[in-house]
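Written below as structure tokens is the structure these notes are about.
The values are calculated or read from the model by the stated rules, or taken from the named source; none is laboratory data. What you see is a predicted model, and the numbers here were worked out from it, not measured in a lab. Cβ: placed from backbone, ideal geometry, glycine included. Neighbour counts: every protein chain shown.
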Amino acid sequence: MTTLDRTDLRLLAVLQSEGRITNAELAERVSLSPSACLRRLQRLEADKVITGYAAQIDPQSVGLGLQAFVRVQLARHEGAAVERFVEQINGWDEVVACHALTGDMDYLLHVYVADLQDFSRFLLDHLLNAAGVADLNSSFVLRTVKRSPSLPLAQMEKHGAVAASR
């Protein structure tokens, strides 16, 4: 884990909410010179703290009106079976996130499709034919109550996980 100080956290917090901010504006917001700010950004990128920059797109406006969470249980858990399943999941554009879980189900998939007919096609063509799948359970999103791509960086300060300033 990369050691972060309060200035790093302020910089990251601004970038999470304003990813298109210029380096000069960012430097001013976090009380650094533009060159010092750029060096920090480059270090955070090199250390893979910042893994990329992306636009947030409204799914409805691009025709992806149905969101589902699909819990998947595998029949077998040895390395080759899991690897085959993970490889298949990574090839499906409809799956925007896949998490390995504890508990009675092995994976949680976050899926975006156009509509119920599209989901049915995804289920029949992909998931039900996936290697090693023993059981599936789907839930559809009725409405999103909270959606934030930002990490709760303030938690680091609350728990004393912040280094002294550089």
Inset, instruction - Could you check, for the stretch 54-67, whether at least one of its residues is surrounded by 12 or more Cβ atoms within 10 Å (Cβ to Cβ), of a type in the set (A, V, I, L, M) and part of a helix (DSSP H, G or I)? - result: no
Inset, instruction - With respect to Glu28, determine if the residue is within 22 Å of the chain's Cα centre (by Cα), assigned to a helix (DSSP H, G or I) and either exposed (fewer than 14 other Cβ atoms within 10 Å of the Cβ) or not hydrophobic (A, V, I, L, M, F, W, C) (or both). - result: no
Inset, instruction - Among the residues of the stretch 76-110, write down those that are among the aliphatic types (A, V, I, L, M) and surrounded by fewer than 12 Cβ atoms within 10 Å (Cβ to Cβ). - result: Ala80, Ala97, Ala100
Legend entry - Filtered residues of the stretch 111-142 (kept if in a loop (DSSP other than H, G, I, E, B), modelled with pLDDT under 95 and exposed (fewer than 14 other Cβ atoms within 10 Å of the Cβ)): none
Inset, instruction - Within the stretch 68-110, count every residue that is of a type outside the set (A, V, I, L, M, F, W, C) and either assigned to a helix (DSSP H, G or I) or in contact with a Pro (Cβ under 7 Å, 6 or more places away or on another chain) (or both). - result: 6
Inset, instruction - Return yes when Ser61 is under 28 Å from Lys158 (Cβ atoms) and among the small types (Gly, Ala, Ser) and no when it is not. - result: no
Inset, instruction - Go through the residues of the stretch 37-44 one by one and say whether even a single one is in contact with a Cys (Cβ under 7 Å, 6 or more places away or on another chain) and either at positive phi or of a type in the set (A, V, I, L, M, F, W, C) (or both). - result: no
Legend entry - Among the residues listed as Arg71, Arg39, the single one being within 30 Å of Asp8 (Cα to Cα), modelled with pLDDT of 95 or more and surrounded by 12 or more Cβ atoms within 10 Å (Cβ to Cβ): Arg39
